[in-house]
Every structure is written in C-alpha cells, then in structure tokens.
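Enquirer: I am attaching a structure below and will ask some questions about it afterwards.
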Amino acid sequence: MQRRTKIIATLGPSTDRKKVLDGVIKAGLDCARVNFSHGSYDDHRKRILDVRAKAEKAGKPVGLLCDLQGPKIRIEGFKTGTIQLRNGTLFTIDPRLGSRDGDEEKVGVTYKNLPNDVHKGDDLLLDDGNIVLRVEKVDEAIRTRVITGGELSGNKGVNRRGGGLSTAALTEKDYQDIRFAAEMDIDYLAVSFARDAEDIETARRLLREAGGEGHIMAKIERAEALENMEEIIEASDAVMIARGDLGVEVGNAELPGVQKRLIREARLRNTIVVTATQMMQSMVDSPQPTRAEVLDVANAILDGSDVVMLSAETAVGKHPARVVAAMDRICEGAERHMESVAPTGPKDRTFNTAEEAVTMATMYAANRLDVAAIVTLTESGMSAKWISRLDSQTPIYAITSSPRTQRRVTLYRSVYPIDYTIDASDYAAVDREVVDELLRRGIVNKGDRIIITKGERAGVAGGTNTMKIVRAGDHVPEQ
C-alpha cells in the first residue's frame, strides 16, 4: 500500500543542516515549502536549488511551493526587546511610533491605517491570540485596555476578532516575491490572506506576466474569506486551510467546523485542499507527536484533505526527518480506515469537457472492478487531478515526460508521477508500451487489470477522451 495523502514540509535553518534534507526527502517529502515571510532571496534560492538537486539524486519528483507573506499586520519593536503586559492596564497602539519606540505603555504597528479599521469595543488579538486588547478609544492611535496580558515581544501579529481589516491581499513585497518565484519556476504560489477571487486572479496574472507557470493556492486565513469561500475555491487550483490566523479571527471553537466545511467545499469543486498549521507542533522539540496531534492529522485525512503540511516542525524543529516519517505513518494508518466513495456533487451536474467525463467514468469503474492501477497519459496533469478527486484504493500513475507536470502532481491525492516518454505512434502500440513499462518497474503483475486514459492526439494538453481496460501481459482490451 502506498501513502495516498501528500506531505508538504517547510524549509528553514533546520533543513539547511548537512544531510537533513536528504533525510526529509527519504522520509516521504512530496512538496517543499519556501516561506517568503522569513529569509533573503539568497536563502530561498539556495534551498530551492538544494531541493531540486537532492530530489534528482533520489530519483523522486518533489514539488515546490512558495508562500507569499501577504499583508501580515505586526506590531513594531520595544526598546527593551520584550515587555510584560498586566491585565487591566492601558496600552496604546500608535502607527506614528518607530520600529524600536515601544515600551510598557505603547508600541508602533506596521499597518498605518489600522486606526481606520477598528472601533470602540473591538478586540485586538496579538501573538496568535495570546494577548487580548479591548479598544476603548480611537483617534490618531488606538487606546486599549489589556484583557489578557503576558509577555510580549516585537514583530508579533495583530488580528481583529471577527476579521474586517481592509488591507490588500498583495503588497509591494509580494510583487517582488512573485517575480522571484517565476524566475525559479516554482510549481505552486500561495496567496496569503486572500479575500476574494480577484486576489487569486491578480496573483495568477502577475505570475504569468513574470513568466511563471505555477498553480495558485489560496490561503484561507481571514474571516471575510469564508463569506467568499465558494468563489475563492473556484478561482484557485488549490486551497490551504491556514489554521493559525484563521483560528484567531473566527475563534478556536469554530475552527473544527470551518475546517470540515472548507474540505467539503474544495472537494465538491475539484480543488486540491491542504490542511496546515501546528499539526505536529510538539515535534519542534519532541521526538514523537502527542496523541492529540495524531488524531488531528488523521481526522484531517479522513475528512478528505489531499495534503497535510508541516511548518515550524521542519523549518526550525530539532527532528525534521523524524517528523516527516511520523506524519507518513499517521497518513497510512488513517488511510487504512477509509472507504471508497461514489462521486460527489449535485446529481444533475453536467461535465464541461470530454476529459472530465472520461476521468469521472474511470473512477466509477475503478471502484467497481478489481483494478490494480489506473494509468493516465497526461501533458498538463489535469486528468490525473480529476481522477484523484474520488477516493479509491487504486493507485493512479501519471505518465509524463514533463518535469513541471511531474512536480505539479505531487500534491494530487493517490497520484504518482512516472517520468517516461512514449515512443510508439500507433494508438494500440501506446497501450502495449505503457503496460510493458509498468511490468518492468514491478508496479503491476501479469494478469492484473489496468485502466488506461489518454487522448487520441499525443502531446496535446486537455485532450483525454479515451478510457480502456486491459489485462497486463496480453494487453488485450476486455470485452
């Protein structure tokens, strides 16, 4: 049994250590995340090149996800580095203050228009909700009273309970980062704090104008994004449930239900869904996860997540390879309890293309026949993505000679890329060549039933229009 759920791991100082990245790839990495919120372009370039070199050495395609910082609102710094806020005391957030002017009574903020977005009675949440400030008055600055105090250091995030901050999703820094991402030919670009479909389309346009071909992933982390959930999912190639800021804005009690709804809506719309943030947080230090973390990861998989993601656990944690290996085991354990499901969505749904109809028919057949493998000959990877939308025990092999497509499908559930160029030109000979290659690799055995999808015209993206069921060894279509 191969693991069907895919794993993203974030690169950072910990994976920069000698031989650590080799161990992470060997442990089961499918896609590496580069976080533009931290590090320089030199850091990012080195990590991207290292991943590609080590993946090639391991003979395994590894995707690359670049994550834009977005309009993360942060407080500025303090003269003493950290301060202690006591419950009931007054504290001012003043946009006019400099980067190191903060003290026990006041601090600056990176978003200078913040006073225009908040009102008396609002709660401001700092440091992922660890500090709670209630707004008592707003003028040029924001006068608050400390509801939940504690130690506070500079550069911590600021959220408004319930959302509603009007910052644009893409900043000037993001524009520069998009150009760099295009230069590095990344596979996925994550848009942080997306508000609506327009944010996604703007990022896609900017990436294309810069020469990039990567797919666009929307990060759902604003409360107002939930109001536009359907349109954001429709506009995106993938969505990430970024549970950090999202949990702060909607509240932890609402987060489980929101996560389940996002997974369900993404699957209904044939969009890849990633569940992220603090999935194995204890393993930043600990060599093993807590049982609560095991259950969290497993439930995300059982609910239908295509991908689970590691952040600080691999970027700055003590055991990057070990945490990937642990997540790999949890994924496989959860998948043993999953059942194949029938197609989802409205019963009167119509297909827009022959490719979509063929891929849906493929999975309908696979779930009702004893099939060893599904093979899709694909240029863009789209047919493999559609086939992956339905749960099945049958592995899906994406046959393509395109390195970009091989890396892209690393986030598709149950899909495994195979680097292979079809030499045959005769339509029937293509089937024989593909099955012979699967036999040679030990993927199937003689006599196994295989489903093959392909297009009549080789090399044409979006041209899948045929499904054939054959037996390995004789390659004769079943009657």
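Taken together, the values in this text are just the output of simple stated rules run on the coordinates, not laboratory data. A quick note: this is a predicted structure, and the numbers were derived from the prediction, not measured. For neighbour counting, all protein chains shown are included, and Cβ atoms are generated from backbone atoms with ideal geometry for every residue, glycine included.
Enquirer: In nanometres, what is the gap between the two model label sites at Glu224 and Asn252, each 7 Å from Cα along Cα-to-Cβ?
Expert: 2.7
Enquirer: Mind grabbing the base-10 log of I(q)/I(0) for the range 180-329 at q = 0.09, 0.19, 0.21 Å⁻¹? Debye formula, identical points on the C-alpha positions, no solvent, two decimal places.
Expert: So the normalised log intensities work out to -0.29, -1.16, -1.28.
Enquirer: Placing unit charges on C-beta atoms (Lys and Arg positive, Asp and Glu negative, everything else neutral), compute the dipole magnitude of the range 354-471 about its Cα centre in debye, rounded to 20.
Expert: In total the dipole reaches around 320 debye.
Enquirer: Using 5 Å bins from zero, what percent of all Cα-Cα pairs in the range 82-160 falls into each bin?
Expert: Cα pair-distance distribution for the range 82-160, in percent: 3, 17, 31, 31, 16, 2.
Enquirer: Can I ask one more? At 4 °C and 1.567 mPa s, what whole-number value in µm²/s does Stokes-Einstein give for the translational diffusion of the chain, with Rh from the Kirkwood sum over Cα pairs?
Expert: In µm²/s, the coefficient rounds to 55.
Enquirer: Going by the alpha-carbon gyration tensor, a ≥ b ≥ c the square roots of its eigenvalues, is the range 160-240 rounded (a/c under 1.5) or, if a/c is not under 1.5, prolate (a/b greater than b/c) versus oblate?
Expert: Numbers: a/c = 2.46, a/b = 1.65, b/c = 1.49.
Prolate is the answer for the range 160-240, as a/c is 1.5 or above and a/b outweighs b/c.
Enquirer: In debye, nearest 20, what is the charge dipole magnitude of the chain about its Cα centre with +1 on Lys and Arg Cβ and -1 on Asp and Glu Cβ, if you could check?
Expert: 980
Enquirer: Where does each of Glu313, Glu265 land when they are ranked from fewest to most other beta-carbon atoms within 10 angstrom? Please report the intermediate quantities before stating the final value.
Expert: On the way: Glu313 31, Glu265 17.
Going from least to most buried by this count: Glu265, Glu313.
Enquirer: Sticking with this structure for a sec: In degrees from 0 to 90, rounded to the nearest 10, what is the angle of the helix 41-58 Cα long axis to the longest principal axis of the chain?
Expert: On a 0 to 90 degree scale, this one is about 30.
Enquirer: Among Thr5, Leu90, Val146, flag the residue with its Cα farthest along the positive direction of the charge dipole of the chain, charges on Cβ as +1 for Lys/Arg and -1 for Asp/Glu.
Expert: Thr5
Enquirer: Next question. Per-residue ellipticity at 222 nm for the chain, helices alone: DSSP H runs ≥ 4 residues times -39500 (n - 2.57), over residue total, nearest 500 deg cm²/dmol?
Expert: Numbers: 17 runs with 165 residues, N = 479.
That comes out to -10000 deg cm²/dmol.
Enquirer: Further, regarding this structure: In percent, what relative contact order does the chain have, based on Cα pairs under 8 Å that are 6 or more apart in sequence? Spell out each step's value before the answer.
Expert: On the way: 1068 pairs, mean separation 67.0, N = 479.
Relative contact order of the chain: 14 percent.
Enquirer: If each residue's Cβ is checked for other Cβ atoms within 10 Å, how do Ile25, Ile469, Ile142 rank with the fewest at the top?
Expert: So the residues, fewest neighbours to most, are Ile469, Ile25, Ile142.
Enquirer: With 25 Å as the cut-off, how large is the P(r) tail for the range 354-471, expressed as percent of Cα-Cα pairs?
Expert: Value for the range 354-471: 10 percent of Cα pairs lie more than 25 Å apart.
Enquirer: With charges set only on the Cβ (+1 for Lys and Arg, -1 for Asp and Glu), what does the dipole of the range 82-160 come to about its Cα centre, in debye to the nearest 20? Numbers along the way, then the final one.
Expert: Numbers: 12 positive and 14 negative charges, 24 e Å.
About 120 debye.
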